[in-house]
Structures are given as structure tokens and as C-alpha cells.
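Reviewing the structure listed below.
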Amino acid sequence: AKEAAARFSQSSLPEVRRGGEDLLTAARRRLELFDVPQSTISKLERTGTAQRTVTLTAPVSGYVTGKEIFEGQQVQPGMDLLTVTDLSRVWVEADFFEYESRDLRLGAKASVALPYDPGTRLTGRVAFVYPTVDPQTRTLKARLEFANPGLALKPGMYVDVTPDLGTRDGIVIPDSAVIDTGVRQVVFIQKGETFEPREVRVG
């Protein structure tokens, strides 16, 4: 493409000159879309010699958790070569009972206890609440996000999750003091010598 652009640049027709430039730009862009490093493209333009080997660098640092490539294999566009995983922040998927799901909300705090070190607790937040309940277990799944110092949380590990369900201030009374009419719940408050009904919402 570079040689063709050089030849076309000698043409007296502007369309031909522009066609050579477009061809060179398209060839460079194609290499960029294949994630060929800019240093390799610059060297190719400078020397005019194609390289048999190209060093590809990962866009992130982390651990190789999947390897789909071996030496001598032909590489096609779209192929997964290596899976590099950043484990500094991890997701924990947890199942919550239906009565707990009322207070599950995005951003709510939760903590995990590690099976091999129950004394260590990590604090994270709810990142996503699934919209359906599992019909077999009657639980609701939520995804929580945790910082992972020292790689304490590892992929595939089981942990105990304790949600912060946002306890509220209230008054503790015996359940026998509540009169449930089916429409509302009422208790009686002593006011001097008399009693006064009050509508309440039981927690």
C-alpha cells in the first residue's frame, strides 16, 4: 500500500493521488484494528519489511485464567488468545431469602466472611439485583462487588454473605398487643386513665 501510494503520488490526477493515500490509510487502520502495536506499524512504514513475529501486549495487567493459543497456531480475527483477569475487584453472587429481598437495593452494604479465615470480613456493595426468584430454592440472586486486597477472594470460592438490611428504629411490643383487622394493625396506648387506639406498621 505504501509503494502504491508512492507511485500514485506522481500522477497528475488528484483522484489517483487521493486513492493512493486512502489505500495507505486503510491498510494502516486495518493493522490497528487487529491490535498490531503502533511501534510495529511505525517500523513497517520505516523499513518497508514485514515482520514474521509481532509482540502483542495485554491492555490490562492481571492473571492468565484462560489460554486458547499455542505456538504455531494460525490466528483469526475475533479469536480469544488469552483471558487476563484483574482480581483486584471481584463479584460475589449471593442468594437471599424472599423476606430479605425487600431491603436489597443497589448500593446497599454487605460483608463476606471467608471459609478459611472466619475472622476476616470484607465489606462491599450490591451492584445488581436479579429480577426473578429461583422457583426451587425461593431465593433471589444478587451480585455484590468487593475490593480484593491480598487476593483473599478467589474465583469459585464459597463465602458467607451478611447483608446490611438497614435496621430501623422502632418500639418492641408483644405480638399479642397488636390487633390485626385484616385492613390495618392497631395497638392501644395508655393515656392517663384511658386507652387510645393507634394504627401501626409492624416491622
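The values are calculated or read from the model by the stated rules, or taken from the named source; none is laboratory data. Quantities reported herein were computed from a predicted structural model and do not represent experimental measurements. Cβ coordinates were reconstructed from backbone atoms using ideal geometry, including for glycine residues, and neighbour counts include every protein chain displayed. For accessibility, only protein heavy atoms count, side chains too; no ligands or nucleic acids. Shrake-Rupley method; radii C 1.70, N 1.55, O 1.52, S 1.80 Å.
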| request: Would you kindly find the accessible area of S9, with a 1.4 Å probe and non-protein molecules such as ligands, DNA and RNA excluded, rounding to the nearest 10 Å²? | output: 60 Å²
| query | What is the gain in length, in nm to one decimal, between K43 and R201 on full extension, counting 0.36 nm per residue of separation less the C-alpha to C-alpha distance? | reply | 49.5 nm
| Could you give the distance between the Cα centres of region 162-203 and region 9-74, to the whole Å? | 72 Å
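Hey, if we sort I189, I171, I69 by accessible area with the 1.4 Å probe, largest down, what's the order?
Correct descending sequence by accessible area is I171, I189, I69.
So how do Y130, Y63 rank on accessible area, 1.4 Å probe, biggest first, that is with the largest at the start?
If we order Y130, Y63 from most to least accessible, we get Y63, Y130.
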| Which of V60, V178, V36 moves the most in a Gaussian network model of the chain with Cα springs under 10 Å? | V178
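Suppose only helical runs count, i.e. DSSP H with n ≥ 4. What mean residue ellipticity at 222 nm does that imply for the chain under -39500 (n - 2.57) per run, divided by all residues and rounded to the nearest 500 deg cm²/dmol?
-6000 deg cm²/dmol
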| For R30 and E193 in one chain, what is 0.36 nm times their gap in residues minus the Cα-Cα distance, to one decimal in nm? | 49.7 nm
| message | Just to verify a number: FRET efficiency for T85 and R125, C-beta to C-beta distance, R0 = 25 Å, to 0.05? | response | 0.75
| Principal-axis tilt of helix 14-33 within the chain, Cα atoms, nearest 10 degrees | 50 degrees
| note | Quick calc: nm separation of the 7 Å Cα→Cβ label points for V64 and T132 -> 3.8 nm
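Could you work out the relative contact order of the chain? I mean the mean sequence separation of Cα pairs under 8 Å and 6+ apart, divided by the number of residues, in percent.
Here the relative contact order equals 13 percent.
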| remark: Once the in-chain neighbours fewer than 8 apart are removed, the lysines whose Cα is under 18 Å from K109 read K141
| query | What does a probe at E3 reach in region 22-36, counting residues whose amide N is under 20 Å from the point 7 Å along Cα→Cβ? | reply | 22-31
| message | Spelling out what I want: for every residue of region 71-79, take phi, set θ = phi - 60°, compute 6.51 cos²θ - 1.76 cosθ + 1.60 (Karplus), and round to whole Hz; glycine and proline get x. | response | 5, x, 6, 6, 10, 10, x, x, 6
| Solvent-accessible ranking of E145, E100, largest area first, probe 1.4 Å | E145, E100
| field | Qualifying lysines (Cα of each under 22 Å from Cα of K43; at least 8 residues distant if same chain) | value | K2
| query | How big is region 91-194 on each of its three principal axes, counting only the C-alpha atoms and giving the largest first in Å? | reply | 65, 32, 23
| field | Dipole in debye (nearest 20) - the chain, about Cα centre, beta carbon charges: Lys, Arg +1; Asp, Glu -1 | value | 940 debye
| field | Normalised contact order of region 27-90, rounded percent, pairs of Cα under 8 Å and 6 or more residues apart | value | 29 percent
| note | For region 56-111, the Cα-Cα pair-distance distribution in 5 Å bins from 0, as whole percents, is 4, 12, 17, 15, 10, 9, 10, 10, 7, 5, 2, 0
| remark: In degrees rounded to 10, the 0-90 angle between helix 38-47 Cα long axis and the longest Cα principal axis of the chain is 0 degrees
| query | Relative to the present Cα-Cα distance, how much length would full extension add between E71 and R102 at 0.36 nm per residue of separation? | reply | 5.8 nm
